[in-house]
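The values are calculated or read from the model by the stated rules, or taken from the named source; none is laboratory data. Keep in mind the model is a prediction, meaning the values are calculated, not measured. Cβ placement follows ideal geometry from the backbone for every residue including glycine, while neighbour counts extend to all protein chains displayed.
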Amino acid sequence: MKESSVRYVCRECGHVENKWNGRCPECGSWNSFEEEKVAPVQKGRTEAQPVMDTNVQKLSAVPFEKTMRVSSGIEELDRVLGGGVMRPSSVLVGGEPGIGKSTIMIQMLSALSDIGSVLYVSGEESPSQVRMRAERLGLKSEGISIFCDTRLEALSETIEKLSPGYIVIDSLQTLYSTSVASMAGSPNQIKTCCMELSLLAKKTGAAVFFIGHVTKDGVIAGPKIVEHIVDTVLYFESAETGMRLLRASKNRFGSVDEIGLFTMDSDGLHGVKDPSSIFLSSRGESGILPAGIAFTSVVEGSRTFAVEIQALVVPARSGFQRIYSDRIDNARVSRVAAILQKHAGLNLSDQDIYVNVAGGMKLSEVSIELALALALYSSKEDIPLKSSVSAFGELSLAGEVRPVSFAERRMKNLADMGFSNVLSADSKRGLPIKATQVKNIKAALIAAFSTKS
């Protein structure tokens with residue numbers, strides 16, 4: 001009998017095969033199988049694993065308190081988490097190296113140490129390095145316990161002994177279990193460690209945060225099943241201005257529509273109170289904009305802010321249209337250009353189109369389509385919009401301007417940012433801004449570029 005055998009595990013989804021395949025039959029990923037040695041399980045031996053309460057009880061009898069959710073001490077983080085940190089829960093935090101994952105986690109632990117016991121598990125840095133970061137950030141470190149052993153068995157024993165209320169694992173890829181015959185960071189190790197610690201957190205009533213590395217494609221490294229194990233998945237993104245954006249792609253305790261905005265300095269990460277000040281450039285006193293710029297308002301969860309869309313239309317060097325847009329989906333830009341060509345007589349088929357969003361914000365709302373159309377028309381015809389004009393609305397393929405949700409919130413936000421006129425399919429009264437109702441793209445162009453005041 002062989003002492004060990006070999007199997008192949010997909011690093012994207014965790015699918016197991018007995019031989020190497022070029023393409024995973026489960027998730028379709030190419031070249032994702034990694035070799036993994038599997039030790040035979042001895043008869044009569046069972047591995048100790050944390051289990052949840054197995055007693056059957058009435059759902060109405062399950063204890064629940066509103067105090068199970070507490071503030072993390074960071075307003076923007078609370079916003080994305082759905083109002084604060086839940087206990088028990090498991091949260092996966094991903095992002096590029098150096099974006100601030102470890103920084104925001106130790107800032108959170110420093111704030112939470114005032115209300116409960118906290119544990120920082122470091123598999124990548126020594127205790128002195130973590131202490132230096134805390135001192136540099138000016139954080140209170142007296143209430144933070146640190147543990148630097150990445151063995152799952154030793155960590156589980158420590159958690160059961162100390163019973164911390166809040167745990168940070170930095171990072172998930174450094175953990176390993178001696179019961180799994182593969183190196184740390186392998187799909188099976190990541191899945192096993194994440195599963196056991198998530199169950200242990202629910203058993204002890206703790207909130208555990210896993211910091212995860214990301215691949216070159218920007219997704220959390222390891223099998224996709226890890227994201228199904230945890231309760232919440234957060235992603236850090238970096239905008240061109242250096243601002244950090246925190247989004248939730250999964251949240252069992254709140255909405256996934258919220259977004260957290262941070263800036264980084266020598267004192268750590270700080271929440272952004274007024275996002276529009278970052279996403280809008282100074283318009284000056286002349287009231288005249290360069291051609292190709294339009295303004296709109298977007299809604300992210302409970303937050304509404306104005307953004308600037310920039311477009312550049314130039315003759316195509318190759319004779320056919322090419323679109324360069326990494327902040328707005330290329331398909332949306334192409335569709336809006338086709339609507340302009342069909343219903344406004346603007347020929348863009350032989351033009352190269354460049355689209356950008358000031359501040360580096362990625363926009364996916366349909367409400368931006370009217371402002372995008374105005375920016376494209378402005379650049380192509382070299383006619384600037386007035387700095388007091390803004391717009392929002394969805395464009396149908398028939399050239400109609402359709403209403404979008406939260407119209408009143410958007411108008412109030414644009415009024416607060418100094419705009420005096422907004423073009424949309426809605427006609428709202430009683431607001432401190434002129435609401436010009438437009439039914440189709442032709443009417444919108446006439447209203448936007450009219451020489452009348």
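Brief remarks on what is shown
- Note on region 84-131: among residues that are without any contact (Cβ under 8 Å) to a residue 24 or more places away in the chain and not basic (K, R), the one that is surrounded by the most Cβ atoms within 10 Å (Cβ to Cβ) is G84.
- Within region 199-242, tally of residues that are part of a loop (DSSP other than H, G, I, E, B) and at pLDDT 80 or above: 5
- L245 being surrounded by 22 or more Cβ atoms within 10 Å (Cβ to Cβ), in contact with a strand residue (DSSP E or B) (Cβ under 9 Å, 6 or more places away or on another chain) and either in a loop (DSSP other than H, G, I, E, B) or modelled with pLDDT of 90 or more (or both): no
- Of the set (1) over 20 Å from L200 (Cα atoms); (2) surrounded by 14 or more Cβ atoms within 10 Å (Cβ to Cβ); (3) modelled with pLDDT under 85; (4) not aliphatic (A, V, I, L, M), all apply to P50 but (1).
- Residues satisfying the stated conditions in region 366-387, i.e. more than 19 Å from N421 (Cβ to Cβ) and surrounded by fewer than 17 Cβ atoms within 10 Å (Cβ to Cβ): V366, E381, D382
- In region 22-35, residue modelled with the lowest pLDDT [restricted to those that are surrounded by 15 or more Cβ atoms within 10 Å (Cβ to Cβ) and over 26 Å from the mean Cα position of the chain (by Cα)]: E34
- Checked against the criterion of being touching a Lys or Arg at 6+ places or on another chain (Cβ under 6 Å), in contact (Cβ under 8 Å) with a residue 12 or more places away in the chain and over 30 Å from V256 (Cα atoms), region 329-343 contains not a single residue that satisfies it.
- Residues (surrounded by 18 or more Cβ atoms within 10 Å (Cβ to Cβ) and either aliphatic (A, V, I, L, M) or without any contact (Cβ under 8 Å) to a residue 24 or more places away in the chain (or both)) located in region 403-414: V404, A407, M411, L414
- Test: residue in region 76-83 that is surrounded by fewer than 19 Cβ atoms within 10 Å (Cβ to Cβ), without any contact (Cβ under 8 Å) to a residue 12 or more places away in the chain, of a type outside the set (K, R) and assigned to a helix (DSSP H, G or I): no
- Top-ranked residue of region 297-334 - restricted to ones that are touching a helix residue (DSSP H, G or I) at 6+ places or on another chain (Cβ under 8 Å) and part of a helix (DSSP H, G or I), ranked as nearest to A248 (Cα to Cα): R332
- Flag if A371 is out of contact with any helix residue (DSSP H, G or I) (no Cβ under 8 Å at 6 or more places or on another chain) and over 22 Å from S325 (Cβ atoms): no
- Entirely in region 84-181, the helices (runs of 4 or more DSSP H) that have 2 or more residues that are hydroxyl-bearing (S, T, Y): 101-112, 152-162
- Check on S156, assigned by TED's automatic domain parsing to the domain that holds I106 and closer than 19 Å to E124 by Cβ: no
- Residue that is nearest to M411 (Cα to Cα) [pool: residues in region 302-327 that are of a type in the set (K, R) and loosely packed, with under 15 Cβ neighbours inside 10 Å]: R322
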